[in-house]
Amino acid sequence: MGSLEVERKTVGWAARDPSGVLSPYAYTLRDTGSEDVYVKVMCCGICHTDIHQTKNDLGMSNYPMVPGHEVVGEVIEVGSEVTKFRSGDVVGVGCLVGCCGKCRPCNADIEQYCSKKIWSYNDVYTDGKPTQGGFAGAMVVDQKFVVKIPDGMAPEQAAPLLCAGVTVYSPLNHFGLKQSGLRGGILGLGGVGHMGVKIAKAMGHHVTVISSSDKKRVEALDHLGADDYLVSSDAARVQEAADSLDYIIDTIPVFHPLEPYLSLLKIDGKLILMGVINTPLQFVSPMVMLGRKSITGSFIGSIKETEEMLDFCKDKGLTSTIEIVKMDYINTAFERLEKNDVRYRFVVDVAGSKLDQ
């Protein structure tokens, strides 16, 4: 058990302005305490939210900003009150590093809905210092927001599960959609969508991938194991599939009409929104009234759900489909992600990169 009384320095790759371009940035890690875990970062997945944040798409960005919230690393040292982890453990850190611990969501173990939650980056910690993410050599994190990566799960495979994986698992868990035999739709086949197909199939669901074009048909059916593929502009096929799905997980992060997808839902079906979209969506009310359908949302997942999801993926042998890159490729990776030119998640090999150049 080490003592974490001194500040530590590290190097991350930070955006300096809304151009979103990342470059090396040396900074001091926040003061550490008895409940903290000092983690040497091994790898970190790239999420679409990293682009939104670095480019100030949501109007709330502070710079310099080191993004990255799908972090896997090795515990180097722990505070005196840490009981869950020890040096040498392989652990994960997701989207959050703090919460109030007192409100109704916190007391119900759904701290992602705490109004005082603290983001892994682009936020301010309780000590007044900015939080910085996982595209860096190290992080210091409260043990409550650290999860153990199951033995035998490769770090680079685990990284996307900490956001993309739990983002899908959480609504299926919360809305009672885990039982086998359900019929689900996955709208959008990116980082979150591809994990949606894999997790839903592992739960025994009949899975239809819904996309705007035919170009991902082979990948969806042959590589990911989806049962059906529906092009949203194919009016005849959409009409054939009407009233057939128990739920749709909508991962699209840009404006899109909702009516075509609402028509696919059975009575009491749920359209679950997951993409961060900063323009209003619209629909006509009879589309939901005449089938008692729900448009709802879900936001990442709790630490408890993250632990459950990791165990589920380990038990079912689920892996992410990834492309591993070094840190000096990260700006190109961001550009490619904006064009959906990745199958299906970039993971940065942080430990194998030269961070200061």
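Things worth noting here:
- For segment 102-118, filtered to residues that are touching a residue at least 24 places away in the same chain (Cβ under 8 Å) and surrounded by fewer than 17 Cβ atoms within 10 Å (Cβ to Cβ), the residue that is farthest from Phe145 (Cα to Cα) is Tyr113.
- Residues satisfying the criterion are present in segment 29-46 (criterion: open to solvent by less than 60 Å² (accessible area, probe 1.4 Å), aliphatic (A, V, I, L, M), assigned to a loop (DSSP other than H, G, I, E, B) and under 18 Å from Gly98 (Cα atoms)).
- Listed by position, the helices (runs of 4 or more DSSP H) contained in segment 255-357 that have at least 2 residues being over 21 Å from Thr49 (Cα atoms) are 259-262, 286-289, 303-316.
- Filter pass, Asn340 being among the polar types (S, T, N, Q) and either modelled with pLDDT of 95 or more or under 22 Å from Gln112 (Cβ atoms) (or both): no
- Gly181 vs. criteria touching a His at 6+ places or on another chain (Cβ under 9 Å) and either small (Gly, Ala, Ser) or without any contact (Cβ under 8 Å) to a residue 60 or more places away in the chain (or both): yes
- Boolean, Ser19 is in a strand (DSSP E or B), among the polar types (S, T, N, Q) and surrounded by fewer than 21 Cβ atoms within 10 Å (Cβ to Cβ): no
- Which listed residue, of Pro130, Pro171, Pro150, Pro155, is within 30 Å of Ser244 (Cβ to Cβ) and either in contact with a Pro (Cβ under 8 Å, 6 or more places away or on another chain) or in contact (Cβ under 8 Å) with a residue 60 or more places away in the chain (or both): Pro171
- Counted residues, segment 223-244 - those being over 18 Å from Pro257 (Cβ atoms), in a loop (DSSP other than H, G, I, E, B) and free of Cβ contacts under 8 Å to residues at least 60 places away in the same chain: 4
- All positions within segment 167-204 that are under 15 Å from Leu230 (Cβ atoms) and either open to solvent by 10 Å² or more (accessible area, probe 1.4 Å) or in a loop (DSSP other than H, G, I, E, B) (or both): Arg183, Gly188, Leu189
- Residue among Val91, Val141 that alone is part of a strand (DSSP E or B), closer than 19 Å to Ile300 by Cα and under 17 Å from the mean Cα position of the chain (by Cα): Val91
- Hits in segment 55-77 (condition: of a type in the set (Val, Ile, Thr) and either touching a Ser or Thr at 6+ places or on another chain (Cβ under 7 Å) or surrounded by fewer than 19 Cβ atoms within 10 Å (Cβ to Cβ) (or both)): Val75, Ile76
- Note on segment 91-124: residues that are among the basic types (Lys, Arg) and under 19 Å from Cys47 (Cβ atoms) amount to 1.
- When Val231, Val276, Val254 are checked against the criterion of being modelled with pLDDT under 95 and surrounded by 12 or more Cβ atoms within 10 Å (Cβ to Cβ), Val276 stands alone in meeting it.
- When segment 150-161 is limited to residues that are open to solvent by less than 10 Å² (accessible area, probe 1.4 Å) and in contact with a helix residue (DSSP H, G or I) (Cβ under 9 Å, 6 or more places away or on another chain), the one that is farthest from Met274 (Cα to Cα) turns out to be Ala158.
- Taking the criterion of being under 25 Å from the mean Cα position of the chain (by Cα) and open to solvent by 60 Å² or more (accessible area, probe 1.4 Å), the residues of segment 283-312 that qualify are Phe299, Lys304, Glu307, Glu308, Asp311.
- Every residue from segment 253-277 that is in contact (Cβ under 8 Å) with a residue 40 or more places away in the chain and within 30 Å of Gln157 (Cα to Cα): Pro253, Lys270, Ile272, Met274, Gly275, Val276
The values are calculated or read from the model by the stated rules, or taken from the named source; none is laboratory data. This structure is a prediction, so every number in the text was calculated from the model and none was measured. As a convention, Cβ positions derive from the backbone with ideal geometry for all residues, glycine included, and neighbour counts pool all protein chains shown. Surface accessibility is based on the protein's heavy atoms, side chains included, excluding ligands, DNA and RNA. Shrake-Rupley method; radii C 1.70, N 1.55, O 1.52, S 1.80 Å.
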